[in-house]
Amino acid sequence: MNNPGWVDLQVNGHKGVDYSDPNLTADDFIRSAEALFADGTEIFCPVIITSPLEIFRRNGEIIQKTVEKYGIADKIPGLHFEGPFISNVPGAVGAHNPDWTLHPCAENVDKLLASAPGFVSIVTLGADAENATEAVACLKERGVHVSVGHHMANYEQVKNAADAGAELLTHLGNGCPNLLDRHNNPVWAGLAEERLTAMIITDGHHLPGELVRIIIRTKGVDRVIVTSDASSPTGLPPGRYMTLNVEAVLEANGKLHIPERKCLAGSASTMAMCMNFLDSLDFLTEDELRMLGRDNALKLLGKL
């Protein structure tokens, strides 16, 4: 499969650099970004996950100033804040620290966006959060793309978020407990809301191939965006690593997980690796693969 220059809306880190690390430096960030470009990702949004607001401000400023210094805004168009307005329920909170989740009131939304003025492209929040629809509308008014995920939202809550201006679903099929109600759950709710584009992680560990097929066939290739959700151990050998503020295990097969929580800790795959896995399922054309790994994301960012 040809690599047209993949676009990744969700990168937590790369080659040992974690964008949510309270000790992140500008040198760390540009080194990881250059390595990611060399690995086949042309454009990406760095992610800062649920953290104290001071970390959003500190790391957001570092990344924003580094992008400006090196003149790479065409390659890094903005940040993705995955939290802190997500569910603190075990399973739904995933690898995030539940103690750092926040209520998305107007004051907290203002503080979050002030972390990197004009440089926040996407915010992930839980559609089941109190005041979620007001927060979605507020973010939308500020020019931020809103994605819902890491929640236990029902269909009505997901629909309300879409009514308020939400556009995306963060890693649909993940960011939820391993056991769910068979009918009323956030996966079915996300699939059913036709206005929301599903971001999915096709690293071969987050979703089984058959579920990848179901999501793409249900949503349509124009309503799905592949993301890597790559974490800092991406590109490193198997072992135990601190990533996303927790210790995770990277297996020889590429699975990155937290055994104690029985959940994944992002992925250890680049977009090129995710697209290779998706291609291996052998049900998509070259043009469809390009839409899923590049064109749909560019359209969201207003670059196509």
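Before moving on, here are some points about what is shown:
- Hey, residue 248 part of a helix (DSSP H, G or I), under 19 Å from residue 91 (Cα atoms) and open to solvent by less than 50 Å² (accessible area, probe 1.4 Å) or not: no
- Residue in the stretch 32-41 that is open to solvent by less than 10 Å² (accessible area, probe 1.4 Å), in a strand (DSSP E or B) and under 14 Å from residue 234 (Cβ atoms) present: yes
- Selection status of residue 246, β-branched (Val, Ile, Thr), touching a residue at least 24 places away in the same chain (Cβ under 8 Å) and in contact with a helix residue (DSSP H, G or I) (Cβ under 6 Å, 6 or more places away or on another chain): no
- Of the residues making up the stretch 195-205, those that are in contact with a Cys (Cβ under 9 Å, 6 or more places away or on another chain) and either among the small types (Gly, Ala, Ser) or open to solvent by 10 Å² or more (accessible area, probe 1.4 Å) (or both) are 203, 204.
- Any hit, the stretch 57-72, residues being of a type in the set (Gly, Ala, Ser) and free of Cβ contacts under 8 Å to residues at least 60 places away in the same chain: yes
To keep it simple, each residue is scored yes or no on (1) under 18 Å from the mean Cα position of the chain (by Cα); (2) open to solvent by less than 70 Å² (accessible area, probe 1.4 Å); (3) closer than 20 Å to residue 42 by Cβ.
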{"position": "210", "(1), (2), (3)": "no, no, no"}
{"position": "215", "(1), (2), (3)": "yes, yes, no"}
{"position": "223", "(1), (2), (3)": "yes, no, no"}
{"position": "229", "(1), (2), (3)": "yes, yes, yes"}
{"position": "243", "(1), (2), (3)": "yes, yes, no"}
{"position": "265", "(1), (2), (3)": "yes, yes, no"}
{"position": "271", "(1), (2), (3)": "yes, yes, yes"}
{"position": "286", "(1), (2), (3)": "no, no, yes"}
{"position": "294", "(1), (2), (3)": "yes, yes, yes"}
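- Residues (open to solvent by 10 Å² or more (accessible area, probe 1.4 Å) and assigned to a loop (DSSP other than H, G, I, E, B)) located in the stretch 46-81: 52, 71, 72, 73, 74, 75, 77
- Scanning the stretch 166-186 for residues that are more than 16 Å from the chain's Cα centre (by Cα), closer than 22 Å to residue 50 by Cα and surrounded by fewer than 22 Cβ atoms within 10 Å (Cβ to Cβ) turns up 177, 178.
- Looking across 257, 206, one residue alone is at pLDDT 95 or above, assigned to a loop (DSSP other than H, G, I, E, B) and not aliphatic (A, V, I, L, M). It is 206.
- Residue within the stretch 268-279 that is in a loop (DSSP other than H, G, I, E, B) and of a type in the set (Gly, Ala, Ser) present: yes
- Single unsatisfied condition, residue 93 versus (1) crowded, with 17+ Cβ neighbours inside 10 Å; (2) over 24 Å from residue 263 (Cβ atoms): (2)
- Scanning the stretch 281-304 for residues that are of a type in the set (Gly, Ala, Ser) and free of Cβ contacts under 8 Å to residues at least 24 places away in the same chain yields a single hit, 302.
The values are calculated or read from the model by the stated rules, or taken from the named source; none is laboratory data. Fair warning: this is a prediction, and the values are worked out from it, not measured in the lab. All Cβ positions, even for glycine, are placed from backbone atoms using ideal geometry, and neighbour counts span all protein chains on display. Areas reflect the complete protein model, heavy atoms only, side chains present, ligands, DNA and RNA absent. Shrake-Rupley method; radii C 1.70, N 1.55, O 1.52, S 1.80 Å.
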